[in-house]
Amino acid sequence: MSKSLFVKTDAQKEWLERLAEYKDSFQRYSKEVDEQSRFPKENVEALVKLGYTKLTVPKEYGGEGLRVTDMVLLQETIASYDSSTALAIGWHQSVVGELYESKLWEESKLDLFAQEILKGALVNRAASEAQTGSPTRGGRPGTSAVKKDGKWVITGQKTFTTMSPVLTHFLVSAWVEEKEAIGFFLIDRDSKGLSIKETWDVIAMRGTESHDLILDHVEVAEERFVELNQGPRGNKINGWLLHIPACYLGIAQAARDYAVQYATEYSPNSIQGTISELPNVQSLIGQMDLELMKARHFLYSVAEAYDDEARRPLLTNELGVAKHIVTNSAITIVDKAMRIVGAKSLQLSNPLQRHYRDVRAGLHNPPMDDMTISKLAQAAINQIKSQ
């Protein structure tokens, strides 16, 4: 099951061809990136040079104005080459897409920042903290912003700052006491008092280097106070977060492809032909493709509904469900791929053990499965009550 059915525009075809040129080099780095927990700088630099990081900037700001569906297609493709590269650059694409689609900033600030992105700037939100957990649950950040001598002074520590080695800008959440609300501040990497604490010590998505961001009385100009939120971000419909399931779908596709290739080539002397002719192996292959079809069709249908302004208001819990379905299907697909390959899939030299670890990370990206299920239940109950 390939994604070719969902390729519908010349722009999509063109970008898929461009990305395909980097498939071998991205895959070549994957083993080293994982083993050394090293950020794939070479891959991201190539994407910036290619112009990929300005795709979700609207055309009126100088970008290409690609939609969520386009992003999902391209992000899935990159993830099938290298997972850490995809998840990392996906956050930049997502943040930029949401900023300009929802006009979260004043027009003058959007215009100025677009010029920075066109020049190669990379941005991600820094919103997670050890004490608050996922920001989508609405926890109040411990990071504070205090006005002093006409500037904002930011102090705090952020976790899960994906792509920290190469980010040029951090969109930092902080509690603004005088406004009794959460504010977001655009902070340059070279700001005094800003540093990266290398804390990323995990078994999955090791190359994203999602270290802690340290903010020690960082002074920020008034014009860099860009957003003010009154409620949890998790309550808002944001289709750009579909870059997350797209990433895990790409990993699952890579695992499936490896397993099928292996099955068609491996021929132990205990049988005639290859193991691909065995009924149990064919059953596993069929089950993998069944999961891929279900996940891909649901993900792309939701992305297309989001891109349709007439249908978007009808979306309720579909975005969270897409992430739930794809992530859990990806875990199932990789598991079945490993059953086909057998004990060799556990060798450190085998990519399946890396895929197995990486897809597990999807369970801990927002929204969490329990929140998705809870919202579905609440919607069903409220529907009956309102009748």
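The values are calculated or read from the model by the stated rules, or taken from the named source; none is laboratory data. What you see is a predicted model, and the numbers here were worked out from it, not measured in a lab. Heads up, the Cβs are rebuilt from the backbone with ideal geometry, glycines too, and the neighbour counts pull from every protein chain shown.
Of the residues making up the range 183-226, just one is aromatic (F, W, Y) and part of a loop (DSSP other than H, G, I, E, B), namely W200. Report yes if S173 is at pLDDT 95 or above, more than 21 Å from L104 (Cβ to Cβ) and either touching a strand residue (DSSP E or B) at 6+ places or on another chain (Cβ under 6 Å) or part of a strand (DSSP E or B) (or both), otherwise no. So S173 fails the test. Filtering the range 169-186 to residues that are crowded, with 16+ Cβ neighbours inside 10 Å and over 11 Å from A145 (Cβ atoms) leaves H169, F170, L171, L186.
Looking only at the range 288-328, count how many residues are of a type in the set (S, T, N, Q) and touching a residue at least 60 places away in the same chain (Cβ under 8 Å). Total satisfying the criteria: 3.
Whenever a residue of the range 359-383 is assigned by TED's automatic domain parsing to the domain that holds A252 and buried (at least 19 other Cβ atoms within 10 Å of the Cβ), its partners that are basic (K, R) and in a helix (DSSP H, G or I), lying with C-beta atoms within less than 7 angstrom and at least six residues away or across chains, give the pairs P367/K323.
Would you check if T332 is closer than 22 Å to A259 by Cα and either without any contact (Cβ under 8 Å) to a residue 60 or more places away in the chain or in a helix (DSSP H, G or I) (or both)? Yes: the conditions hold for T332. Could you tell me whether N238 is out of contact with any strand residue (DSSP E or B) (no Cβ under 7 Å at 6 or more places or on another chain), of a type in the set (S, T, N, Q), free of Cβ contacts under 8 Å to residues at least 12 places away in the same chain and not assigned by TED's automatic domain parsing to the domain that holds T132? Answer is no for this residue. Which ones in the range 35-67 are in a helix (DSSP H, G or I), farther than 20 Å from A20 by Cα and either of a type in the set (V, I, T) or out of contact with any Gly (no Cβ under 8 Å at 6 or more places or on another chain) (or both)? Within the range 35-67, E35, Q36, E60, Y61 meet the criteria. Just one of the listed residues (K109, K54) is under 25 Å from D10 (Cβ atoms), over 14 Å from the mean Cα position of the chain (by Cα) and either of a type in the set (F, W, Y) or surrounded by 15 or more Cβ atoms within 10 Å (Cβ to Cβ) (or both), and it is K54. Just one of the listed residues (I244, I237, I203) is aliphatic (A, V, I, L, M), within 19 Å of the chain's Cα centre (by Cα) and modelled with pLDDT under 95, namely I237. Selection of the range 63-79 for residues being surrounded by 22 or more Cβ atoms within 10 Å (Cβ to Cβ), over 15 Å from V44 (Cα atoms) and not charged (D, E, K, R) yields L66, V68, T69, M71, V72, L73.
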